[in-house]
Amino acid sequence: MDAAVNGTNPGAAFDPASCPRLVVKIGSALLVDAAGAVRSEWLAGVIADIAERRAAGQQIVIVSSGAIALGARRLGLARGGRASLEDAQAAAAVGQVALAGVWEALLAARGLTAAQVLLTLGDLEDRRRYLNVAATLARLLELGVVPVLNENDTVATTEIRFGDNDRLAARAAQAAGASGVILLSDVDGLYTANPATDPQARRIPVVESLTPEVMAMATGETRSGMGSGGMAAKLLAAQMAGAAGIALGICDGRVPRPLTHFAESGGGTLFQPPGAARGRKAWLAGRITVAGTLAVDAGAAAALRRGASLLAAGVFRVDGGFRRGDVVAIQGPDGTLLARGLAGYDADDARAIMGRKNEAQGAVLGYAPRAALVHADHLVLI
């Protein structure tokens, strides 16, 4: 249903008055043209939007792709620098210098100061490093700086990387304490089907819940072949943001002033957050990596949804070699992800007591059991 029909304006959720701190993600296909050059005129329009929002009191964090594409052009690498991991890392090393220079120059032209922040998955998955990132972003924003974030592709590998800046933007929003995330895209929102191939596809202006049916509408492909995301990555980002109480919008980034266009046109898609997790629980909700998995029965799953702790009696399978305090995933009896939490036991002890009531655990463990396998205070529903 079109926004003009139901009166919904998705972009209004991100006005400075209602969203004091905003993360804006810009993909490679928008920032860099087919020849590998920065689309400077278009980017100047984005920065004009940012300057207006800053003047209205909104703090802005930018998540910018484009380093690999820029570096590949300078190095003459095939496939936009993505033919191999080594090519991508080399292209990123060269491209980050160029990308930072572009942002610095164009922001300075509007009287704004840029800061470059390069992150890896580990910086936001490890709790202590996550808090360090959060503190740095908070101080930069207090000083009136516009942080420009990107994944540090020079050192990231397949095993330790986000792989797309959509999820990086959602995770960075948690760390920055942002109220909203806008993903500038080459499509103007979520559609019921791929609008490039299905003329009957309809845009969805507001998504209140990321149901399996909504998730099935996504494709993992990118139109340009230049980036690494796609609608599937954007929905995962919306899921991560929503778990921390952060609204996320997808809008058409191809227009000259995309943030202004999103605010005024009624286009795009707004993903409303279902909850408002904070602190440790927001960090848990946004985790991408886990050290193991606990599979629980239907009774335990129902208890978790009521806010209870996870007891060993409700667990029927333990996977992985986690240690006490590691983050584990909790799955329902059908394999659906229910929650993430901090394990109260090492994996071997968890296997020993799974399916057993509390009074029977001491004899197996050789010491007095804890109150729960995963305590409710250290658990967040997904």
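Taken together, the values in this text are just the output of simple stated rules run on the coordinates, not laboratory data. Please read these numbers as outputs of a predicted model, since none were measured by experiment. Methodologically, a virtual Cβ is constructed for each residue, glycine included, from the backbone with ideal geometry; neighbour enumeration extends over all protein chains shown.
Things worth noting here:
- Reach of residue 25 by Cα under 18 Å, taken over lysines that are not fewer than 8 positions away in the same chain: 234
- Equivalent ellipsoid, segment 1-134 (semi-axes from 5 times Cα gyration tensor eigenvalues, Å): 29, 20, 17
- DSSP-defined antiparallel bridges as percent of all bridges, the chain, nearest 5: 40
- Cα-Cα separations in segment 290-381 greater than 23 Å, expressed as whole percent: 10
- 5 angstrom amide H check on residue 207, placed H, neighbours 5+ away: 270, 271, 272
- Cβ-derived FRET efficiency at R0 25 Å, residue 375 paired with residue 348, nearest 0.05: 0.80
- Once the Cβ-Cβ distance of residue 97 and residue 194 is raised to the sixth power relative to R0 = 41 Å, the FRET efficiency obtained is 0.65.
- Rounded to the nearest whole Hz, the Karplus-based 3J(HN,Hα) values (6.51 cos²θ - 1.76 cosθ + 1.60, θ = phi - 60°) of segment 343-351 follow the sequence 5, x, 9, 5, 4, 5, 5, 4, 5, with x at glycine and proline.
- Available extension along the chain between residue 83 and residue 280 is 67.1 nm, counting 0.36 nm per residue and deducting the alpha carbon span.
- In this structure, the amide hydrogen of residue 331, modeled 1.01 Å from its nitrogen in the peptide plane, lies closer than 5 angstrom to those of 294, 295, 296, 338, counting only residues at least 5 positions away or on a different chain.
- Translational D in µm²/s for segment 226-267 (Stokes-Einstein at 10 °C, 1.306 mPa s, Kirkwood Rh from C-alpha pairs): 135
- Rg and Dmax over the alpha-carbon atoms of the chain stand at 22.0, 71 Å.
- For the chain, calculated [θ]222 nm from helices alone, where every DSSP H run of n ≥ 4 adds -39500 (n - 2.57): -10500 deg cm²/dmol
- With a Förster radius of 22 Å applied to the beta-carbon distance between residue 357 and residue 316, the computed FRET efficiency rounds to 0.95.
- The amide H of residue 193, built 1.01 Å from its N in the peptide plane, has 202 as neighbours under 5 Å, considering only residues 5 or more places off or on other chains.
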